[in-house]
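Novice: Dropping a structure here in structure tokens format, bear with me for questions.
What follows is calculated from the coordinates using simple rules that are stated; it is not laboratory data. Quick caveat: nothing in here was measured; it's all calculated off a predicted structure. Ideal geometry is used to build each Cβ from the backbone, glycine not excepted, and the neighbour counts take in all protein chains shown.
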Amino acid sequence: MMLPKSTHQTSACQGVSRRSFLTDTGMGFTGLALSAMLAKSSLGAPPTGWQTKIDRGRSSVKPKAKTVIWIFLCGGVSHLESFDVKPELNKYAGKSIGETPYADVLDPKKVGAKIQSGNPNHGNRKVIMPLQTGYQRYGKCGLEVGDWFKEIGTCADDLAVVRSLWTVDNDHGAQLTFQTGRHVREGAHPTIGSWASYGLGTLNENLPEFVVLGTPTGDCCGGAWTHGASYLGPEYAGVRLSTDPKKPLPYLAPADSMTAEEQKENFSLLGRLNRISGIDYPGDKDLRARIKAYELAFQMQTSIPETLGFEKESAETKALYGMDQNHTREFGQMCLAARRMAERGVRFIQIFHGGGGGGAWDAHSAIKQNHTDLAAQVDKPIAGLLKDLKRRGMLDDTMVVFGTEFGRSPGAQDSGRDHHPEGFCAWLAGGGIKGGVQHGATDALGFHAIENPHYITDIHATVMHQLGLDSHQLEIPGRKRLALDHGIPIMDIIA
């Protein structure tokens, strides 16, 4: 297993001696796993300078969440017709924003907004578009939810909706920003999932700490950047899995013609080759990550198929996730897989919907049909996940986060809604988060975040806080992070 550096070290190769590296590799893959488990349980002495994962970055706050299920819809879901409904759009449809009583929303200084669009005429030249779906109130909290998300609406009293998010990118590089807090032009940085993996590790040695389901964003954000670990090292990046139990991971199963004895001999040879490489490159992070990957793959040959054993679930449970319907089956499988992984100790489960390119949710002229179709794929499965977690008592320590890179504009681009980073929403549930809460606000037209505005890393900070991590204690020598990178926990939504 990779031996992480102490946060107090200054040299890239300190903390890992050639002798300690050979001690691990000399025992092969079993030795690697045993060494890690002994160190975590304090039954064995870790190598000099090794700060064990179990203690890294711990805050003084008692953790309320053990696992995070991070649902990300790629392309920019309209906040105006989902969880920040704006009836005023119907009243002033056909007018420019400047022709309404809310013309001041175009001036961020007047409304106290954090940012303004790069285009000074953004919004003013566009005609206000009416709501593209109906809406209704749900739960005791009276949360208004657009009809595209009726099933999630039935879980309103478990949700904390943050309606005052803003971000720095008005294009789909914002998909990367939502995961890292950085603009795409700044390059790859550790994602929220990789920080959780780095700080906490897994509760199950046979499964990865950080799992990715679905198709991540496309080349506009560097692909794997949205679930990568950057300078933390590849060991802490997300492991992409398929929900097909027969082929969840490429090359996971041995070739049909290979016997168990042959496979064992192959692993033995790999162990010897890695040991030789370790003599020459004892501080090679990529090599360490590769060793861990081989070890983990061997362990996952039995653990992953069992984790994805949907046949063990009742028909009622599978129907709850929409697995009995064609249009919800695929995403329902991801959500059910996420619950089963959470049960087995995976720390961070990232689920993408509509990934690839700019993202399927990137609706402009065809927003009504686009959002109608796509919401129908995810609404029931996400609601099913929340309800299933709650009835099993898992929502107490499993946090679910629902987000997208930005909202959609109140003013129409041709016949649709444009990208909108000035104000949008996300919601959180479980893991010590208050239910039935609406925090922050955009203006009457949904243009700017004006009440309790939050940069997207405040969502990160809230997640880290509930996991019992202090992101400032996770900093890497020579990799100083900005205050904005850390964010501030949104205490108003924490129980």
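Novice: Do the alpha carbons of any pairs in Lys150/Lys312; Lys126/Lys380; Lys110/Lys150; Lys86/Lys150; Lys62/Lys434; Lys109/Lys368 sit beyond 25 Å of each other, and which pairs?
Specialist: Working: Lys150/Lys312 29 Å; Lys126/Lys380 34 Å; Lys110/Lys150 35 Å; Lys86/Lys150 17 Å; Lys62/Lys434 16 Å; Lys109/Lys368 32 Å.
Exceeds cut-off: Lys150/Lys312; Lys126/Lys380; Lys110/Lys150; Lys109/Lys368.
Novice: If packing is taken as the average count of other Cβ atoms within 10 Å, what order do 392-399, 177-184 fall into, highest mean first? Kindly include the intermediate steps, with their values, before the conclusion.
Specialist: Numbers: 392-399: 18.0, 177-184: 24.1.
Going by the mean number of other Cβ atoms within 10 Å, highest first, we get 177-184, 392-399.
Novice: From the backbone phi of the stretch 131-143, what are the Karplus-calculated ³J(HN,Hα) couplings (6.51 cos²θ - 1.76 cosθ + 1.60, θ = phi - 60°) in whole Hz, Gly and Pro given as x?
Specialist: Each residue's phi maps through the Karplus curve to give 4, 9, 7, x, 7, 7, 8, 10, x, 5, 6, x, 5 Hz.
Novice: Order 335-342, 358-365, 321-328 from most to least packed using the mean count of other Cβ atoms within 10 Å.
Specialist: Descending packing order for the listed peptides: 335-342, 358-365, 321-328.
Novice: Expressed in nm to one decimal, what extension gain is obtained for the pair Lys109 and Ala366 from 0.36 nm per residue of sequence separation less their Cα-Cα distance? Numbers along the way, then the final one.
Specialist: Working: separation 257, 0.36 × 257 = 92.52 nm, distance 3.27 nm.
So the extension gain works out to 89.2 nm.
Novice: If you count, for each residue, the other Cβ atoms within 10 Å and average over each peptide, how do 310-316, 401-407, 168-174 line up from highest to lowest?
Specialist: Working: 310-316: 10.7, 401-407: 26.7, 168-174: 21.0.
Result, highest mean first: 401-407, 168-174, 310-316.
Novice: Now for a separate question. So, in nm, how far is label Asp396 from label Asp244 when the simple model puts each one 7 Å beyond its Cα toward the Cβ?
Specialist: 3.9
Novice: Shifting gears a bit: In Å, what Rg and Dmax follow from the Cα atoms of the stretch 362-460?
Specialist: So, for the stretch 362-460, Rg and Dmax equal 15.6, 47 Å respectively.
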